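Note sheet for the following structure.
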Amino acid sequence: MKITLINRRKRLASERWAGLKTAKNRASSRVSPVMPADLRSFAARATDAPTNQNPFEPTQQFLFSDDDFQRLQKMIFDYAGISLNDSKRSMAYSRLTKRLRYLGVSSFSEYLDIVESHQAVDDSERIAFVNSLTTNLTAFFREAHHFPLLTEHLLKLHEANPGKTLTVWSAACSTGEEPYSIAMAVVEAFGMDEPPVRIIASDLDTAALAAAREGVYAVEKIATLDPVKLKRFFLKGAGAHLGLAKIRPQLQRLVTFEQVNLNELEWPIQAPLAAIFCRNVMIYFNKQTQADILRRFVPLLTPNGLLFAGHSENFFYNASEYFRIRGKTVYEVEMGQAGSVASRSRSVL
């Protein structure tokens, strides 16, 4: 009797489970999933698209062919000596599209025609083209180990010739953080607001130079400076200028800004120079251009003059006959080299 009751319970449970499965199957056969109209449209496009096309990949607004990019590469090299490798194609596109929109042209071929049609070096569109493709990444007291070595060098030169004004050239000054850092270091080292040092700051990018001359920076840019420097060298903005800081006039007077293209045959820079800062710009030039520029630096430097390079740059392999290593990314011109090189390479004085 007990066994019969157990078997009956098993049979009822089995029938109940079978009934549930049947109901579930009937329900699923009656209900079809509903897809929103916009998703159905996208799914249709994705299904119909060629297998090699990514439906999520954005399309370019302006035609930019391989020939256009190769032409652009040649133009920026001819104008500025910058070697733009193939990996920079997307960067070039994104930076120049603003110019195409501004001029109302529909293709890069048309835009490059406009740039090339203006032969004057100071033409506004050619300048805008070069400005768009140059990089202005900088900071106050970048490569901080350079500045104690620089001030030690300048103090020794001053002790040897107290009546002489020393000159430092910041050859790729960008928006001004480098030359103003040099000025701050010099003022502190000499212990006076008007030290016997002048700083020439140059760059190819006219927009960056305009910002450098203005000397106004977001407070975030100077947040890492110590409070003594902030108080001594900057004016804090208020009201409409809240969140900004401006270089004090007495520091600005130590720096002279001018446009210089390192790829040009003549530089409006006077010798002798106690030091040259040419940091994080040589990486944009090919090896031959680098060698030519380094060779032209030599006659501008005083005997034992210093050349400061960027952290990722190695000048020694390219100019070991003219310079010896003085420190980390710092080079010293070889004694006697300046005169011999000057006879073969001379800048405008």
Mean projection area, nm², convex hull over Cα of region 112-260: 10.6
Pair residue 214, residue 256: separation of 7 Å Cα→Cβ label points (nm): 2.4
Proximal lysine pairs, region 138-271, alpha carbons under 27 Å, eight or more residues apart or interchain: 10
Cα Rg, Dmax, region 239-309, angstrom units: 16.2, 51
Region 189-303 - Debye-derived log10 I(q)/I(0), Cα point model, q = 0.15, 0.16, 0.20, 0.21 Å⁻¹: -0.86, -0.94, -1.21, -1.26
Spin-label model distance (nm) - residue 328 vs residue 311, 7 Å beyond Cα toward Cβ: 0.9
Euclidean distance between Cα centres, region 62-91 to region 195-214, Å: 27
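Just to confirm a number: summing +1 for Lys and Arg and -1 for Asp and Glu over residues other than residue 141 whose beta-carbon lies under 13 angstrom from that of residue 141, what do you get?
Values: positive: 142, 221, 229, 279; negative: 143, 177, 178, 188, 226.
Result for the local shell: -1.
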Packing-based ranking, highest mean first, of 68-75, 276-283 given that Cβ atoms within 10 Å are counted: 276-283, 68-75
Label-point separation in nm, residue 226 to residue 193, each point 7 Å along Cα→Cβ: 2.1
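If I take all pairs of Cα atoms in region 59-194, what percentage of them are more than 17 Å from each other? Don't skip to the answer; put the middle values down first.
Values: 6173 of 9180 pairs.
So the portion of pairs separated by more than 17 Å is 67 percent.
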Efficiency of FRET from Cβ geometry, residue 283 and residue 110, R₀ 45 Å, rounded to 0.05: 0.90
Sum of side-chain charges, residue 80 neighbourhood, beta-carbon under 12 Å (Lys, Arg +1; Asp, Glu -1): -2
Per-residue HN-Hα couplings for region 232-248 [Karplus 6.51, -1.76, 1.60; θ = phi - 60°; Hz; x = Gly/Pro]: 6, 10, 10, 10, 7, x, 9, x, 5, 9, 4, x, 10, 9, 10, 4, 5
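Each reported figure results from applying straightforward, stated rules to the coordinates on display, with no laboratory input. If you're wondering where the values come from, they're calculated on a predicted model, not measured in any experiment. A quick note on method: Cβ atoms are made from the backbone with ideal geometry, for glycine too, and the neighbour counts reach across all protein chains shown.
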